[in-house]
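Taken together, the values in this text are just the output of simple stated rules run on the coordinates, not laboratory data. Everything numeric here is computed off the predicted structure, so don't read it as measured data. Cβ: placed from backbone, ideal geometry, glycine included. Neighbour counts: every protein chain shown.
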Amino acid sequence: MKKKNKKNSPNRIKCQISGQERMSNATYLANKGEKNEVTGNVWASFYINKESYKALVLEVEAGGLDKAAVLYKTDKGTIYKWLSYNGQSRARMAQPSAPKVDSTSDRDRKLARRRELYAENKRQVALAA
């Protein structure tokens, strides 16, 4: 007869699509969360297993985020998080690309101008001395 645990472990993670559970450990959860810039608990709340991930990727590639969201009865944001937290770069491919903007911000320009003025003042002081 299999011995049953008295308490549920907080390190047990559950696939959000298939419902399968597996045991994990706190370090693994913390590392996965840190890698995705969230806490381990948040990462675990968007965990999906490999088989479900592969099926989701095929759905997104075939019909896009909208159709996958309808099929899985969730919103596009959740689909995107499932992809980004559990895979490599598929989520970036599925996300619509943002328009290109000039990467130099006003703050960067002001700081560059301030450095130029500082260097010019320093050069003038050196010439006057």
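Could you tell me which of the pairs K32/K81; K14/K67; K32/K76; K35/K81; K35/K76 are separated by over 20 angstrom between their Cα atoms in the structure shown?
Details: K32/K81 13 Å; K14/K67 24 Å; K32/K76 22 Å; K35/K81 13 Å; K35/K76 22 Å.
Beyond 20 Å between Cα atoms: K14/K67; K32/K76; K35/K76.
Here the simple spin-label model places points 7 Å from the Cα toward Cβ, and for R109 and D75 these points are separated by 3.6 nm. For the stretch 24-57, GluC sites (Glu not before Pro) are listed when DSSP marks them as loop and at most 13 other Cβ atoms sit within 10 Å of their Cβ; the list is E37. Quick one: if the Förster radius is 41 Å, what FRET efficiency do N121 and E34 give, using the C-beta to C-beta distance and rounding to 0.05? Using R0 = 41 Å, I get an efficiency of 0.40. Per the Debye formula with a single identical scatterer at each Cα and no solvent contribution, what log10 I(q)/I(0) holds for the stretch 12-98 at q = 0.22 Å⁻¹? With no solvent term, the Cα-only Debye profile gives -1.07.
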